[in-house]
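Below is one structure; the comments refer to it alone.
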Amino acid sequence: MEIPSFTFLNQDEGSHFFSLFQDMDSNVINSFSGHNNNNNLRKRRKRDDEEEEEGDRVHRVKPEEAKKNAMRDIISTLFMLDEEEKREEQQWVIDSQLDNAIFDSNYRQRVQVMNDYYTQLQNHHFDLDEMDRSRTKRARGSASVVASVVGENVVSSDSANDAAGASGSGAAPGQHRRLWVKDRSKDWWDRCNHPDFPEEEFRKEFRMSKATFELICEELDSAVTKKNTMLRDAIPVRQRVAVCIWRLATGHPLRLVSKRFGLGISTCHKLVLEVCSAIRTVLMPKFLQWPDDEKLKLVKSEFQSLSGIPDVGGSMYTTHVPIIAPKINVASYFNKRHTERNQKTSYSITVQGVVDPRGVFTDVCIGWPGSMLDDQVLEQSALFQRANRGLLKDVWIVGNPSFPLMDWLLVPYTHQNLTWAQHAFNEQIGKIQGVAKEAFMRMKGRWGCLQKRAEVKLQELPAVLGACCVLHNICETRNEAMEPELRFELFDDEMIPENSLRSAGAIQARDHIAHNLLHHGLAGTTWP
């Protein structure tokens, strides 16, 4: 088989063919690249369109997101402010606690300093008393020696007189020598004790007339009289009573009492306690007692005339008497309310009293510590026990808001927004309360020893306060006038007890009284 011959292209034809091929390739490439460019252009346009849509969408959404962001910022700001306020409040609490701790620490330090001072003062007075007693013992010892010498001299003098009488001489019998005592001036008391001493001056010094003073001396004569001894004469009854009354009336220290009456300090202190004890023992049963049935009717009638409230048998009040800090149970006698008011440490004991329409005491309770509230003192009193035994049936005792409302104890309304009837009741019951408070004001004004810290021992103080109450009654029953400058203002805080309503029957009875006062024209109707 023959292979046909193949004719190769010459150079010109080959170059033409190659150029043709290149043109074809470039056209293909150009067409291909043009296609790619078109694709890229479309992609860019599409991308631009998408970005424009995204921009439009962003522009549309931006206000809503801005609002959300703004609210988010406000909430976060409020939260931060709340946290900051809490931190400031916590810091304020911490600072206030630190301030309170510092104040309490300073207060305790001041209390301790005052306690130490009072303890030193009491020890000083105790040392003075001991020195006075030791001097008295030494004087008595020397007096016994002098008495023995005097006895020997008397015997020798008698024997000498007997011998002289036997010999016919007219010599006088020997004179008795007296025990040596300190010579003190009694000029002031001698002038006061003289019948020509002016009545007004006597009343100014002893807070009572000469006639009332004479009555007291007569009543106490048998209880305070002392007998003379061979060494000295006894102090007269009038001087003994005068020492006690002048000390209670003025409240002056014992050294001044000693100077006025020409007696020793320890003697004056002893006389005050003896006479006060005699007053409490002898005069209290006569001049300070609960009224019998006849007198109670008269008391009820007078109180009803005063206020329109029936069956009122007495008006009650509780006051505080300042004392020196005792050595035992000092916290019980600490008076917090007086300490806060006066800005100095105060200790006191209480005096609870019931008075009749004239301001005369018919019942007293003396000596409970000053830290006790009025209702707590009441529960410890004999009056409370008497009421529990049913002895105050059909009798109202009127008290201030410091006492609870009970079947026998009538107190004002203390809640807010009073009705007309309740306000009228409080107005009328306030008149009865004023009788007791005025009585305590007169007693403290008349007896100046009640206005300052007592200088007697705590166990001896009830006798002194009881004597003041009895002497007050004697002066009131005898209509002893008191000078206006002696008026004393009371500062006893009224603390409403936790359980101020203790009887449902008493609540109804009080409402009934208030209703009658308003609707029967027995009380004023003025609203404050």
Cβ pairs under 9 Å, 6+ apart, first in region 88-112 and touching a residue at least 60 places away in the same chain (Cβ under 8 Å) and within 26 Å of THR339 (Cβ to Cβ), second part of a helix (DSSP H, G or I) and not hydrophobic (A, V, I, L, M, F, W, C): VAL111/THR339
Residue in region 192-200 that is over 18 Å from GLY466 (Cβ atoms), modelled with pLDDT under 95 and surrounded by 17 or more Cβ atoms within 10 Å (Cβ to Cβ) present: yes
Some residue of region 231-244 being modelled with pLDDT of 95 or more and under 33 Å from the mean Cα position of the chain (by Cα): yes
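Each row is one residue, and each column tells you yes or no for (1) open to solvent by 10 Å² or more (accessible area, probe 1.4 Å); (2) aliphatic (A, V, I, L, M); (3) out of contact with any Lys or Arg (no Cβ under 6 Å at 6 or more places or on another chain); (4) closer than 24 Å to ASP356 by Cβ.
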position	(1), (2), (3), (4)
LEU248	no, yes, yes, yes
LEU254	yes, yes, yes, no
LYS259	yes, no, yes, no
LEU263	yes, yes, yes, no
LYS270	yes, no, yes, no
ARG280	yes, no, yes, yes
PRO285	yes, no, yes, yes
GLN289	yes, no, yes, yes
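Find the residue count for region 421-435, including only residues that are of a type outside the set (Gly, Ala, Ser) and touching a helix residue (DSSP H, G or I) at 6+ places or on another chain (Cβ under 6 Å). Before you say what the answer is, go through the steps one by one.
Of all residues in region 421-435, those of a type outside the set (Gly, Ala, Ser) come to 422-423, 425-429, 431-433, 435.
Restricting the remaining residues to those that are touching a helix residue (DSSP H, G or I) at 6+ places or on another chain (Cβ under 6 Å) gives 422, 425, 428, 431-432.
So the answer is 5.
Residue-wise test of (1) surrounded by fewer than 17 Cβ atoms within 10 Å (Cβ to Cβ); (2) at pLDDT below 90; (3) under 21 Å from TYR333 (Cα atoms); (4) hydrophobic (A, V, I, L, M, F, W, C).
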site: GLN416; (1), (2), (3), (4): yes, yes, no, no
site: GLN422; (1), (2), (3), (4): no, no, no, no
site: ASN426; (1), (2), (3), (4): no, no, no, no
site: ILE429; (1), (2), (3), (4): no, no, no, yes
site: GLN433; (1), (2), (3), (4): no, no, no, no
site: ALA436; (1), (2), (3), (4): no, no, no, yes
site: ALA439; (1), (2), (3), (4): no, no, no, yes
site: LYS444; (1), (2), (3), (4): no, no, yes, no
site: TRP447; (1), (2), (3), (4): no, no, no, yes
All positions within region 349-384 that are within 22 Å of PHE303 (Cβ to Cβ) and of a type in the set (S, T, N, Q): GLN352, THR362, SER381
Residues of region 341-351 that turn out to be buried (at least 23 other Cβ atoms within 10 Å of the Cβ) and touching a Ser or Thr at 6+ places or on another chain (Cβ under 7 Å), as a count: 2
Residue match in region 459-472 (condition: touching a Leu at 6+ places or on another chain (Cβ under 9 Å), in a loop (DSSP other than H, G, I, E, B) and touching a residue at least 24 places away in the same chain (Cβ under 8 Å)): no
Conditions (1) closer than 30 Å to ASP187 by Cβ; (2) open to solvent by less than 50 Å² (accessible area, probe 1.4 Å); (3) of a type in the set (A, V, I, L, M): number failed by LEU231: (2)
So GLU218, is it modelled with pLDDT of 95 or more, within 30 Å of ASN479 (Cα to Cα) and either open to solvent by 80 Å² or more (accessible area, probe 1.4 Å) or small (Gly, Ala, Ser) (or both): yes
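Could you check region 352-377 and list, in sequence order, the residues that are over 19 Å from PRO462 (Cα atoms) and open to solvent by 50 Å² or more (accessible area, probe 1.4 Å)?
So the first thing to find is which residues in region 352-377 are over 19 Å from PRO462 (Cα atoms), and the list is 356-359, 375.
The one that is over 19 Å from PRO462 (Cα atoms) and open to solvent by 50 Å² or more (accessible area, probe 1.4 Å): ARG358.
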Unmet requirement for LEU486, which otherwise passes all of (1) buried (at least 18 other Cβ atoms within 10 Å of the Cβ); (2) of a type in the set (A, V, I, L, M, F, W, C); (3) farther than 30 Å from GLN422 by Cβ: (1)
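Results for (1) crowded, with 18+ Cβ neighbours inside 10 Å; (2) more than 16 Å from SER500 (Cα to Cα); (3) in contact with a helix residue (DSSP H, G or I) (Cβ under 6 Å, 6 or more places away or on another chain), shown as yes or no for each residue.
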| site | (1), (2), (3) |
| --- | --- |
| GLU379 | no, no, no |
| ASN388 | no, yes, no |
| SER402 | yes, no, yes |
| VAL411 | yes, no, no |
Residue count, region 422-455 (criterion: in contact (Cβ under 8 Å) with a residue 60 or more places away in the chain and more than 30 Å from HIS520 (Cβ to Cβ)): 13
So THR225, is it open to solvent by 30 Å² or more (accessible area, probe 1.4 Å), over 21 Å from LEU465 (Cα atoms), out of contact with any Lys or Arg (no Cβ under 7 Å at 6 or more places or on another chain) and β-branched (Val, Ile, Thr): yes
The one condition in (1) closer than 23 Å to HIS194 by Cα; (2) assigned to a helix (DSSP H, G or I) that VAL282 fails to fulfil: (1)
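The values are calculated or read from the model by the stated rules, or taken from the named source; none is laboratory data. In this text, all values refer to a predicted model and were calculated from it rather than measured experimentally. Here the Cβ is made from the backbone with ideal geometry for all residues, glycine too, and neighbour counts use every protein chain on show. Protein only, heavy atoms only, side chains kept; ligands, DNA and RNA dropped before computing areas. Shrake-Rupley method; radii C 1.70, N 1.55, O 1.52, S 1.80 Å.
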